[in-house]
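S.K.: One structure is given below, represented as structure tokens, and several questions about it will come after.
The values are calculated or read from the model by the stated rules, or taken from the named source; none is laboratory data. It should be emphasised that the depicted structure is a prediction, and the values quoted were computed from it without experimental measurement. Because the Cβ atoms are built from the backbone with ideal geometry, glycine has one as well, and the counts that use them run over all protein chains shown.
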Amino acid sequence: MKKLIPLLLILTTSLTFGQRQRGSSELVTISGTVLDKEYNEPLEYATLILQSVTNPEKVTGGITDINGKFSVETEPGTYNIRLEYISYNTFRLDNQRITSSKDLGTIKLGINVEQLEAVEVVGEKTTVEVRLDKKIYNIGKDITTSGASVSDALNNVPSVNVDVEGAISLRGNENVRILINGRPSALAGFGSTDALRQLPADAIDKVEVITSPSARYDAEGTAGILNIILKKEKTLGFNGSINTSIGYPTASQISSNLNLRTDKFNIFNTLGYSYRRPPGGGFFDNTYANGDFDRIIEDRDIQREDLGFNMNIGMEYFITDKSSITASYFARVSDESDVTDNDSKRFVGTDITSRTFRSEDESQDDKSNQVALNYINRLDEDGQKLTTDLQYSFDKEDIFTVIQENNTFPNDNLLALENVYEKENQKEFLFQTDYVLPMGDAQFEVGYRGNFEESINDYKLDTLNQNSGQFERNRNLTNVFTYNENVNALYTQYGNKFGKFSFLAGLRLENTQLKGKVDSEFDEQALEEIIGGDVDVNFDKNYLGLFPTLNLIFEIAERENITLGYNRRINRPRGWFINPFPSRSSRTNVFQGNPDLDPAYANAFDLGYLKRWEKLTLTSSIYYQKETNSFERVQEETGEVTADGIRIIRTIPINLSTNERIGAEAGVLYNPNKWLRLNWSFNFFQFATEGVFNNVDYGTENTSWFTRFSTKVSLPGKIDWQTNAFYRGPSQNSQTKNEGIFSLNLAFSKDIMGDKGTLAFNVSDLLNSRKRRSFTETDFFTSDSEFQWRQRQFNLSFVYRFNQPKGKQNGRRNGMPDDEERDYGGGA
């Protein structure tokens, strides 16, 4: 909330400065430091107002920097001096005769409880803040995501898109790094976004869109970083909220956010339970250049049953007024059951020659645990700070799948019956330490981060022998695949400000070790034949790289600036991209990892412009990225056929040579009055890919775009009406063309029980149009398909708050370090 202060700084200060000669001997300097009275923390963007007593229309002043310091030049005279910060008491010094430079010393401001109602109004708005290395979107009160998941909420953030299968992309690029509170987390899953579908959307406070990450951030993610900041209440005493919802198709959840805080400790706890049965399905029309069948039509129906529970509990202990230690524990348990029925018709010419029914019944039990310890020491009042973090995460996933396929025409008989057993254990250890040294307007940082991950995938396949009636272990595909990714990193960065010009330059050194080991009865030569190339399935690779970053910002005026960013990034292949054993989700279309994958590297440039008016905010940027060794998933024939004569096609990830991307985006936040709020964003991008694999040229060029529009109307009777519309334009790669997708969300909410409760009703995908329609064409087959992950959803939700006003912005402490709140902040 404190970052909204520039919107209230409607002073003529910069105009007054611009009319003076800086070198004039008549000027004097008024300086000082502004701190939070309770925590002795700097208040950035506090407002200094100097009003001439003899000429009240003559007003000048300035704002505090990241360390709470201000230094303002003015003419000698008699002034009324005020220091203001939203929701804090105002500090006043009236009739001060200033004849020489004066240091006001340290000024401490305390909370003004009477102003909290004003804060609530602002807290409901979605706002954007621009920093040297990121944009921060304060989600505000988005009633279209009431009862929805974090994934649904992300789909309302400018520059971000969540496709029908839950894949998250930034500016159309899926290689985006997801962080929780500035760090990799089990909350976001281990390289997967599935966990975000189980976390309630109301847990989000804000989202940082980091398209030009500073050196403090992990270099992973060539598209950039999405840092999800979760809510935590900071008010003294016991307070919290309870959120419940029920929906159709079957969806229900209940979550609570409870907090107990005293002067010496802060205990925070979040609990959540959800149950959903979202239906989905697809249609696939495939034609083949050769083989026993000319055409196969598949009609798929997907029924899911997802039950999830998550818990986050922690305590921050304030050792001194400058240091604290925080311990937290997170657990997530999910029990999922997916049943996919596939009705297939096989044609020779125009005649149906056979028909099959395939049923895939998958049950999945997933348990994630994470323990974290954080120590922070603010070494002095100038902002010198040392932080240390330890984090250990463990995930255990058990999957049992029964796959049965029967002929239904012209004969009724069993084709295949398989039992698939998968156990995946993943663990991750993170250690990082950061040191921050302010030097006047400048700031120096240095830090280390070690991140060590291990994933063990135990895969067993049993196939029914119809002659003996017994299941037999498939020794060729049964295996244990162990994958390790170890990253050690050192970074340093330096930022400074010269008048209206600021910069942040950094350098990060990372060593990446990728190790893979296959335990299988297959010999290595046979495995290489499956993969289709001369590769080493047992590997140990090391990559050492330098990753420079540079971010510049020029303040044209108080509410107008230009930013320029450069960074080098890396895309490391995840475990499922590496595992050489093919999936069994289909007998005819399989996905297979590639142990020969190397990391991809990208150089990215970003030029941005921001302009704020009283009721309107404009953000815009143009960007360019060139990625080498980029990943691309391609489809090719395996040369094998099923027992009933269908050619088997596989999808495999490969390293292509280059991928160039150029684009532009713009966003507008417009609040013409208290009852109407409008939000529009547009992103246009073009990319070109070059590369050859197995003598096939996969080069392509494509142009695409997406746009979203949101409007919120406050109706009489404390009723809010919100509509969100999204459209993603057509796109294509070397083999597949995707049609455009349009979706519309609608929501209403009403405050009740003296504003302690809010009742909301929303419809997600009102027109039931969020479907992916694709056409794939190769030399050996074509596929015309339509897929819908989740159908239209209706939700009714209720939120009850106790001992906390509606929409009130959080205070200073939040049970985690404040690094994410600083201009030079982030997560190592």
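S.K.: Tell me, which residue of the stretch 425-454 that is among the aliphatic types (A, V, I, L, M) and over 22 Å from the mean Cα position of the chain (by Cα) is nearest to residue 374 (Cα to Cα)? Walk me through it before giving the result.
M.R.: Residues of the stretch 425-454 that are among the aliphatic types (A, V, I, L, M), as a first pass: 430, 436-437, 439, 442, 446.
Okay, now just the ones that are also over 22 Å from the mean Cα position of the chain (by Cα), so 436-437, 439, 442, 446.
Working: 436: 16, 437: 19, 439: 25, 442: 26, 446: 17 Å.
Among them, the one singled out is 436.
S.K.: When you scan the stretch 280-359 for strands (runs of 3 or more DSSP E) that lie fully inside it, which ones turn up with 2 or more residues that are over 27 Å from residue 773 (Cβ atoms)?
M.R.: Result: 295-318, 323-348.
S.K.: Still on this structure, please answer the following. Failed condition for residue 639, given (1) over 29 Å from residue 683 (Cα atoms); (2) part of a strand (DSSP E or B); (3) touching a residue at least 40 places away in the same chain (Cβ under 8 Å), with all others met?
M.R.: Just one mismatch for residue 639, condition (3).
S.K.: Please go through (1) modelled with pLDDT of 90 or more; (2) surrounded by fewer than 16 Cβ atoms within 10 Å (Cβ to Cβ); (3) under 30 Å from residue 321 (Cα atoms) for residue 374 and return the number of the only condition it doesn't satisfy.
M.R.: Of (1) modelled with pLDDT of 90 or more; (2) surrounded by fewer than 16 Cβ atoms within 10 Å (Cβ to Cβ); (3) under 30 Å from residue 321 (Cα atoms), only one is false for residue 374: (2).
S.K.: Kindly provide the set of residues from the stretch 202-222 that are over 13 Å from the mean Cα position of the chain (by Cα), more than 15 Å from residue 178 (Cβ to Cβ) and modelled with pLDDT under 80, ordered by number.
M.R.: The answer is 202, and nothing else.
S.K.: Okay, moving on. Identify, by number, the condition in (1) assigned to a strand (DSSP E or B); (2) more than 30 Å from residue 313 (Cβ to Cβ); (3) out of contact with any Gly (no Cβ under 7 Å at 6 or more places or on another chain) that residue 383 doesn't meet.
M.R.: Condition not satisfied by residue 383: (1).
Residue-by-condition table, conditions (1) assigned to a strand (DSSP E or B); (2) at pLDDT 90 or above; (3) not basic (Lys, Arg):
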| residue | (1), (2), (3) |
| --- | --- |
| 455 | yes, yes, yes |
| 460 | yes, yes, no |
| 464 | yes, yes, yes |
| 472 | yes, yes, yes |
| 476 | no, no, yes |
| 488 | yes, yes, yes |
| 493 | yes, yes, yes |
| 504 | yes, yes, yes |
| 507 | yes, yes, yes |
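S.K.: Then there is this: Please find, within the stretch 247-268, the residue that is farthest from residue 794 (Cα to Cα) out of those that are outside any strand (DSSP E or B) and modelled with pLDDT of 90 or more.
M.R.: Per the criteria, the residue is 250.
S.K.: Something else: Do we have residue 397 as of a type in the set (Asp, Glu), over 26 Å from the mean Cα position of the chain (by Cα) and modelled with pLDDT under 95 here?
M.R.: The answer is no for residue 397.
S.K.: Return the only residue of 734, 714 being of a type in the set (Gly, Ala, Ser) and part of a strand (DSSP E or B).
M.R.: Every option except 714 fails the conditions.
S.K.: Go through the stretch 704-752 and give me each residue that's among the hydroxyl-bearing types (Ser, Thr, Tyr) and over 24 Å from the mean Cα position of the chain (by Cα).
M.R.: 714, 734, 736, 749
S.K.: Confirm whether residue 335 is acidic (Asp, Glu) and surrounded by 15 or more Cβ atoms within 10 Å (Cβ to Cβ).
M.R.: yes
S.K.: Something else about it: Considering each of 697, 720 in turn, give the residue that is more than 19 Å from residue 626 (Cβ to Cβ) and free of Cβ contacts under 8 Å to residues at least 60 places away in the same chain.
M.R.: Details: 720 fails: free of Cβ contacts under 8 Å to residues at least 60 places away in the same chain.
Criteria check complete, one pass: 697.
S.K.: Would a scan of the stretch 122-131 turn up a residue that is modelled with pLDDT of 80 or more and under 30 Å from residue 157 (Cα atoms)? Working first, answer last.
M.R.: The initial filter retains those residues of the stretch 122-131 that are modelled with pLDDT of 80 or more, namely none.
Checked against the condition, which is being modelled with pLDDT of 80 or more and under 30 Å from residue 157 (Cα atoms), the stretch 122-131 yields no hits at all.
S.K.: Given 673, 683, which one is of a type outside the set (Phe, Trp, Tyr) and in contact with a Lys or Arg (Cβ under 7 Å, 6 or more places away or on another chain)?
M.R.: Step by step, each of 673, 683 is checked, and only 683 is of a type outside the set (Phe, Trp, Tyr) and in contact with a Lys or Arg (Cβ under 7 Å, 6 or more places away or on another chain).
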